[in-house]
Amino acid sequence: MAKKFASLFKRNNQPDESDYMELDLASIETSGSGSGSPASMYVKIATINELRDTPRIKDEVYNGNIVIVDIGRLKMDKITYERVLKDLRDVAMDVNGDIVGLGDQKYVILTPMSVKVSRDKIGGA
């Protein structure tokens with residue numbers, strides 16, 4: 001038991017190999033999808049490169065899914081960036097959902113009705 005706690009209080013804070021656990025992500029991904037009944041809501045990942053990419057994202061939110069959108073490539077074109085964000089905000093308002101930017105505004109989370117994103121961080125400073 002003392003050996004377990006000793007690793008928590010190492011002087012150099014350098015992890016060693018015993019601190020990690022090997023994960024077989026392939027088996028997790030295949031066991032979770034396609035088995036059992038379909039989910040009532042999905043978390044989808046999207047990238048917007050231009051304004052014409054927004055309709056598919058809007059459809060996903062209207063269908064009740066949460067979408068995490070990479071808008072980092074739009075930062076080079078301020079006009080398109082503002083138009084896309086306005087479209088996404090309008091969708092969130094239309095479905096009584098939510099929209100929030102993450103970090104340096106490279107990602108946006110868009111949620112459907114009755115799903116809100118908390119602005120309170122868990123952990124960290």
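The values are calculated or read from the model by the stated rules, or taken from the named source; none is laboratory data. Computed from a predicted model, the values in this text were never measured in an experiment. Backbone-built Cβ (ideal geometry, glycine too); neighbour counts: all protein chains shown.
Some observations on this one:
- Taking region 58-84 as the range and being β-branched (Val, Ile, Thr) and farther than 21 Å from TYR42 by Cα as the test, the residues that pass are ILE79, THR80, VAL84.
- If the condition is being in contact with an Asp or Glu (Cβ under 8 Å, 6 or more places away or on another chain) and within 20 Å of THR47 (Cβ to Cβ), then region 85-125 contributes ALA92, LYS106, TYR107, ILE109, LEU110, THR111, VAL117.
- Residue-level check: of (1) at pLDDT 90 or above; (2) in a loop (DSSP other than H, G, I, E, B), PRO38 misses just (1).
- Filter result for ILE122 (surrounded by fewer than 14 Cβ atoms within 10 Å (Cβ to Cβ), β-branched (Val, Ile, Thr) and part of a helix (DSSP H, G or I)): no
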